[in-house]
Amino acid sequence: MKVLGTLTALLCLAAWPAMAADPLKFSDPSGDDKGNGKYEYPSHSDYKPGSFDMTGVEVKDKGDSVEFSVTFKNQVDDVWSSKTWSPPGQGFSLQFVQIYLDLDKKPGSGFTDSLPGINVLFAAASAWDKVVLISPQPVSRVKAEVSAKASKMAKAVIVPKSVTVKGKTLAVTVPKSDLPGDIRSWGYQVVVQSNEGYPDAPDLLTRDVNEVAGEHRFGGGSDWDCDPHAIDILAGEAKGASSEKEAQYKALKFEPCSGSDAKPTAVVPMIYPK
């Protein structure tokens, strides 16, 4: 019996590294790319229904790096030919993904404001410490925008060197030196936005959500800066349940506002793996 117990323990130890290398996966229900439930896509044909509908997120510890993959309902296309930009873009055009991470889970440690242009808040108990940006814009452009518009957050912003586009999935790799620790101990929030090459002055490459949709503007929000400029996020337990749609709509609900003193009121959740 003693030998059998020892053998079982050894087999468990042998299997542990393989289990530890398994990716961390989140799911998001299809059809919730409506922000607070009322957002509408721009009218231009470039914005195909489902283009901003996040269906899954995968995080993989690769030893010396961490890989983040975000999958959408539809294929990720390069409708604006980003590779022809000067300098060249990343091979896709529409989506702009921000992955917020709570690394230490210490209340009051980190930031409770999102990056400029997203218009959401985080609770103090789940403030974010790092954010990984998946943008179609050239790396130099993204870094310049961060420096100019989010200087107080700049050290917490990670801009990967490149983006891999494969079918419906966008993937980036971040050195482990920038994100030390166990990926299963972090909190996560993934915000899907729309890339904007000519953003409003204070916004970091984000496209506005207006009260009424236009050719290149989402509708269903506000013409003032109190509405979340987020098309899709993770919500609930991030397992893809249909109830998570309502959880998202509730999180992105905003109070009506007017005037230049309008402020964000929507508080988005952090998702903590169990």
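Please find, within the stretch 106-131, the residue that is surrounded by the fewest Cβ atoms within 10 Å (Cβ to Cβ) out of those that are in contact with a Lys or Arg (Cβ under 9 Å, 6 or more places away or on another chain) and more than 28 Å from D200 (Cα to Cα).
Looking at residues that are in contact with a Lys or Arg (Cβ under 9 Å, 6 or more places away or on another chain) and more than 28 Å from D200 (Cα to Cα), I get A125.
I'm checking my understanding of the structure. Among residues of the stretch 225-255 that are surrounded by fewer than 17 Cβ atoms within 10 Å (Cβ to Cβ) and farther than 20 Å from G56 by Cβ, which one is farthest from the chain's Cα centre (by Cα)?
E255
This table checks each residue for (1) in contact (Cβ under 8 Å) with a residue 40 or more places away in the chain; (2) in contact with a His (Cβ under 6 Å, 6 or more places away or on another chain); (3) under 23 Å from D182 (Cβ atoms).
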{"residue": "Q98", "(1), (2), (3)": "yes, no, yes"}
{"residue": "L101", "(1), (2), (3)": "yes, no, yes"}
{"residue": "T112", "(1), (2), (3)": "no, no, no"}
{"residue": "L115", "(1), (2), (3)": "yes, no, no"}
{"residue": "V120", "(1), (2), (3)": "yes, no, no"}
{"residue": "A127", "(1), (2), (3)": "no, no, yes"}
{"residue": "L133", "(1), (2), (3)": "no, no, yes"}
{"residue": "V139", "(1), (2), (3)": "no, no, no"}
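Going through K274, K253 one at a time, which residue ends up being closer than 24 Å to K106 by Cα and assigned to a loop (DSSP other than H, G, I, E, B)?
Criteria check complete, one pass: K274.
I need the full set of residues from the stretch 76-92 which are at positive phi and in contact (Cβ under 8 Å) with a residue 40 or more places away in the chain, in order please.
Listed by number, the list holds a single entry, G91.
Which is in a loop (DSSP other than H, G, I, E, B), out of contact with any helix residue (DSSP H, G or I) (no Cβ under 9 Å at 6 or more places or on another chain), crowded, with 18+ Cβ neighbours inside 10 Å and modelled with pLDDT of 95 or more, of V97, V76?
The match here is V76.
From the set of residues in the stretch 256-271 that are assigned to a loop (DSSP other than H, G, I, E, B) and under 14 Å from the mean Cα position of the chain (by Cα), which is nearest to F26 (Cα to Cα)?
If we take residues in the stretch 256-271 being assigned to a loop (DSSP other than H, G, I, E, B) and under 14 Å from the mean Cα position of the chain (by Cα), then M270 is nearest to F26 (Cα to Cα).
Is there any pair linking a residue in the stretch 210-223 that is at negative phi and part of a loop (DSSP other than H, G, I, E, B) to one that is of a type in the set (K, R) and crowded, with 19+ Cβ neighbours inside 10 Å, with Cβ under 8 Å and at least six apart or on different chains, and which?
Between residues of the stretch 210-223 that are at negative phi and part of a loop (DSSP other than H, G, I, E, B) and residues that are of a type in the set (K, R) and crowded, with 19+ Cβ neighbours inside 10 Å, the close pairs are N210/R217; H216/R207.
Being among the basic types (K, R), farther than 23 Å from V76 by Cα and in contact with a Ser or Thr (Cβ under 8 Å, 6 or more places away or on another chain) is the filter here; which residues of the stretch 155-206 pass it?
K176
Restricting to the stretch 79-94, give me the number of residues that are among the polar types (S, T, N, Q) and assigned to a loop (DSSP other than H, G, I, E, B).
4
The values are calculated or read from the model by the stated rules, or taken from the named source; none is laboratory data. Keep in mind the model is a prediction, meaning the values are calculated, not measured. FYI the Cβ positions are ideal-geometry reconstructions off the backbone, even for glycines, and counts take in every protein chain you see.
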